[in-house]
1. When you check residue 58 against the structure, is it surrounded by 14 or more Cβ atoms within 10 Å (Cβ to Cβ), basic (Lys, Arg), outside the structural domain of residue 105 (by TED's automatic domain parsing) and assigned to a loop (DSSP other than H, G, I, E, B), yes or no?
2. Please work out which one of (1) under 24 Å from residue 130 (Cβ atoms); (2) out of contact with any helix residue (DSSP H, G or I) (no Cβ under 9 Å at 6 or more places or on another chain); (3) of a type outside the set (Ser, Thr, Tyr) is the condition residue 116 fails and give its number.
3. Out of (1) in a loop (DSSP other than H, G, I, E, B); (2) of a type in the set (A, V, I, L, M, F, W, C); (3) in the same structural domain as residue 172 (by TED's automatic domain parsing), what's the single condition that is false for residue 48?
4. Are any residues in the stretch 173-185 more than 14 Å from residue 160 (Cβ to Cβ) and hydrophobic (A, V, I, L, M, F, W, C), and if so, which ones?
5. Can we say residue 131 is without any contact (Cβ under 8 Å) to a residue 12 or more places away in the chain, in the same structural domain as residue 87 (by TED's automatic domain parsing) and of a type in the set (D, E, K, R)?
6. Residue by residue through the stretch 157-199, note down the ones that are more than 19 Å from the chain's Cα centre (by Cα), under 25 Å from residue 133 (Cβ atoms) and either part of a helix (DSSP H, G or I) or modelled with pLDDT under 90 (or both).
7. Mind listing just one residue for me: the one in the stretch 77-125 that is aliphatic (A, V, I, L, M) and part of a helix (DSSP H, G or I) and, of those, surrounded by the fewest Cβ atoms within 10 Å (Cβ to Cβ)?
8. Answer yes or no as to whether residue 152 is under 26 Å from residue 25 (Cα atoms), modelled with pLDDT of 90 or more and either touching a His at 6+ places or on another chain (Cβ under 8 Å) or among the hydroxyl-bearing types (Ser, Thr, Tyr) (or both).
Amino acid sequence: MTLNEAVFGIAPNDHVVWLDVRRIQAHARQGTHKTKERGENSHSTRKLYRQKGTGHARAGSAKSPIRKTGGRAHGPRPRNYSVKINRKTQRLARRSALSYKAQADAVRVIENFSLDAPSTRTFVELLNALEVAGQKVLLLTAQHEDAIYRSSRNVNKLRVREARNANTVDLLDAQVIVVQEGALDVLNETLGSREEAVA
């Protein structure tokens, strides 16, 4: 099997990979953190004690951030952490990740297959046959296969993704990438030119 040089044989761009990983990880943050500030605390607004003559520092409100029951000063507020980068940059990051794996001889191409019913044993036998058992394995399929996905859930360190949905983090996190022939066509069509598809 000859891999497409435009997808698996480029000079990896580390900065672009960093940009895309940063985008993916930022998108995973919920950003729902919130604490009450002094204006949102449900305390009385009365002055705690008179201004002078007590020997203590002046105090005007129990909501003050310096008091134990007060509000948080400059506390976190809900925000959107998402970072946007160009689509071409995202594609280049995925090609760079695939090229890194190809250079490390961590790409395996297998024939298309499907299962009539979920079978964990089939996947264990497949990993043993490929001599990748015990490693982090990413299996790329051409389309969603429910039986394949359900079969992989009980296999340790195995993840199944559609080729079009596998992002840069998925590719980099795997020690070995197992690609179905149909998924290879999807990668070539999505990330490379159609004329340079594998033979």
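1. No: the conditions fail for residue 58.
2. All conditions pass for residue 116, except number (2).
3. Single failed check for residue 48: (3).
4. The answer is 184, and nothing else.
5. Taking the combined requirement at face value, the residue satisfies it.
6. 181, 182, 183, 184 - these are the residues of the stretch 157-199 that are more than 19 Å from the chain's Cα centre (by Cα), under 25 Å from residue 133 (Cβ atoms) and either part of a helix (DSSP H, G or I) or modelled with pLDDT under 90 (or both).
7. 124
8. So residue 152 fails the test.
The values are calculated or read from the model by the stated rules, or taken from the named source; none is laboratory data. Note that the coordinates shown come from a computational prediction; the quantities given were computed from them, not determined experimentally. Quick reminder, even Gly has a Cβ in these numbers, built from the backbone with ideal geometry, and neighbours come from all protein chains shown.
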